[in-house]
Ligand SMILES: *Cc1c(COP(=O)(O)O)cnc(C)c1O
């Protein structure tokens, strides 16, 4: 047998972490890495946060799982916290980002098709099912969420895709507008594209999408799975734009490393999500709720958010200075808060591998020749200094591979 016990869908590298300490990972043979990848924007409190560990330990010893057939004081608490701190009125908990986006898509379709108890006759508009999405988006790996992206490398081998997605170029309002028709149900967008290369949407684009949705009676759905939960210095990135969505998916950072996601909606947007329309066995179980509550307690306050903004600005201005020394390698720095992208003048993967293997610095490669710099939000001066030591040494020793 030549297949590996772990299904070989990831080209895994030689780093094999067995322990985490604050902003560092230690691998099997004792090598210490500075972690500016955070499990892809997940470990926002670092790797050994006492509050998070304590909350999970205590809940595990008290009650780990019960069915959603029962009342959930733990779920009500976290849902109330999210309702209090966001645009939303109601929350569905999931175990991952893709499931949160999946629920958001279902909520948008049901808004039109299952108009719900507020309509006297309950009759919906079954002709509205299309969702407009954007080029180079990433929304997850389920059938619906790969169908929601135009990235054909994720589609290959999985035909037929789910019907009902139309793709426009990112940040192109006129192109999105041109796709609106009698079947459109909503618009789904990442305010800052993550996998696509840390590309923030412009103010005019986000405000324009909100206005289009209002004008045509469509659901504005934000995928904040990567950019949400304090990552950009606001609890959610939509706050930077002065607009509010109808529906939003959040995950990654919200569990701080425990699998947790959520679909948040306004009361109006959730009108189709009535008894029996959706469900999940694990979604919102007490253990996940304890993790989410510990994360929200740590990050959902002005002091913490201001610290992310301040560190993000410091990191960014030092990065901008730094790239001036290597104009042949780097093009620009972009992003918000501690979600930064270093765009290179060549494919970024070789430099990311070089930093990892020769300088023990973990980042994440992304689309559009970009290196993602997404550290735990609890980094301090020492980690920022160590990052620049490693990055400078890495840039100085990097040999650009011959073009293939
Ligand atoms: C990671 C990600 C997802 C998918 O999350 P999973 O937990 O891997 O299912 C969806 N949308 C965005 C923007 C992401 O970054």
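Bear in mind these aren't lab numbers, they're just calculated from the coordinates by the rules spelled out. Note that the structure is predicted; figures quoted are calculated from it, not measured. All Cβ positions, even for glycine, are placed from backbone atoms using ideal geometry, and neighbour counts span all protein chains on display.
A few points about this structure:
- Put in order of Cβ neighbour count within 10 Å, fewest first, the listed residues 399, 234 become 399, 234.
- Working ranking of peptides 201-209, 221-229, 316-324 by packing, defined as the average number of other Cβ atoms within 10 Å per residue, highest first, is 221-229, 201-209, 316-324.
- Alpha-carbon centroids, segment 363-404 and segment 22-80: separation in whole Å: 26 Å
- With a Förster radius of 30 Å applied to the C-beta separation of residue 214 and residue 83, the computed FRET efficiency comes to 0.85.
- Residue 61-residue 397 pseudo-label distance in nm [points 7 Å out on the Cα-to-Cβ vector]: 4.5 nm
- Across segment 63-299, C-alpha contacts under 8 Å between residues 6 or more apart give a mean separation that, scaled by the residue count, equals a relative contact order of 30 percent.
- When each of the peptides 241-252, 178-189 is scored by the mean number of other C-beta atoms lying within 10 Å of its residues, the order from highest to lowest reads 241-252, 178-189.
- FRET efficiency for the residue 268 to residue 155 pair, using the beta carbon distance and R₀ = 25 Å, is estimated at 0.15.
- With an a/c value of 1.5 or above and a/b not larger than b/c for the gyration tensor axes a ≥ b ≥ c computed over the alpha-carbon atoms, segment 281-351 is described as oblate.
- Cβ crowding within 10 Å, taken as a proxy for footprinting-reagent exposure, orders 13, 23 from fewest neighbours to most as 13, 23.
- On full extension, the segment bounded by residue 244 and residue 12 gains 79.7 nm, given 0.36 nm per residue less the C-alpha separation.
- Averaged over residues, the count of other Cβ atoms within 10 Å places the peptides 384-391, 298-305 in the sequence 384-391, 298-305, highest first.
- Segment 131-189-segment 283-341 distance, computed between alpha-carbon centres (Å): 27 Å
- Short-range pairs are left out: with C-alpha atoms under 8 Å and at least six residues apart, the relative contact order of the chain is 22 percent.
- Principal-axis tilt of helix 73-85 within the chain, Cα atoms, nearest 10 degrees: 80 degrees
- Whether segment 12-116 is rounded, prolate or oblate, judged on the alpha carbon gyration tensor where a/c under 1.5 counts as rounded: prolate
- Which of 1, 219 has the fewest Cβ neighbours within 10 Å, and the rest in rising order: 1, 219
- Computed lengthening from residue 26 to residue 303, 0.36 nm per intervening residue step minus Cα-Cα distance: 96.7 nm
- Its alpha carbons considered, segment 63-299 gives a radius of gyration followed by a Dmax of 16.9, 51 Å.
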